[in-house]
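Step one of this worksheet: look at the structure below.
The values are calculated or read from the model by the stated rules, or taken from the named source; none is laboratory data. Fair warning: this is a prediction, and the values are worked out from it, not measured in the lab. So basically every Cβ, Gly included, is an ideal-geometry build from the backbone, and we count neighbours across all protein chains shown. With ligands, DNA and RNA removed, areas are computed over all heavy atoms of the protein, side chains included. Shrake-Rupley method; radii C 1.70, N 1.55, O 1.52, S 1.80 Å.
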Amino acid sequence: MARIIGAVASSHSPTIGFALDRQKANDPVWAPIFEGYRPVREWFSAKKPDVLFLIFNDHVTSFFFDHYSHFALGIGDSYAVADEGGGARALPPVEGHAALSHHIAAGLVSEEFDLSYFQDRPLDHGCFSPLSMLWPHEPQWPGAIVPLQVGVLQFPIPSALRCYKLGQALRQAIESYPEDLSVAIVATGAFRIRCTAKEPGSTTPSGISDSWT
């Protein structure tokens, strides 16, 4: 069975990725940010998750307002870096876990979440800016991702309660996957989806934690 080992919430500012690419870790301006990511990187290095379930929002890069769904789940085998106007970052494509994606899709639909699906779309800094800070990527990434793009730029946007319920359904769907996988949740941007249990009084740890109740 798949197991959620913890969760991380991160900024996805594109400047963080640019600072990484330009090796600014020792720059006095950027050093505190890099130092802030250090324990998170160490946590990932120690836990070695097989899959990151990565919740982000696109910035009208790969998606546009003619089709900007509330919840769009990636079901592809790999995801490349999008060119956001200045050339794509020199990062390798990250592997997708299509089997887990399809399993999650079935679970969410059974909980009455209407989804859109995508593949063969590059992902913008909403995904790759934090991902490149959390995982080593030379010559390749150490695991796979399942991306969930949440539409927060075009009204009406999903409510906090809707996102909370999505978190409940996500946890149930991920943990019912029959293969032995370790999964970490990564949420970026100005929203967080809490993968909580359905029992009254259950809690989700904030920040980095491997204590799930």
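Among the residues of region 7-38, those that are open to solvent by less than 60 Å² (accessible area, probe 1.4 Å) and in contact with a Lys or Arg (Cβ under 7 Å, 6 or more places away or on another chain) comprise Ala9, Gly17, Trp30. Touching a His at 6+ places or on another chain (Cβ under 9 Å), open to solvent by less than 20 Å² (accessible area, probe 1.4 Å) and acidic (Asp, Glu), is that true of Asp114? It is false that Asp114 is touching a His at 6+ places or on another chain (Cβ under 9 Å), open to solvent by less than 20 Å² (accessible area, probe 1.4 Å) and acidic (Asp, Glu). Considered as a group, the residues in region 153-176 that are in a helix (DSSP H, G or I) and open to solvent by 70 Å² or more (accessible area, probe 1.4 Å) include one that is farthest from Ser62 (Cα to Cα), and that residue is Gln172.
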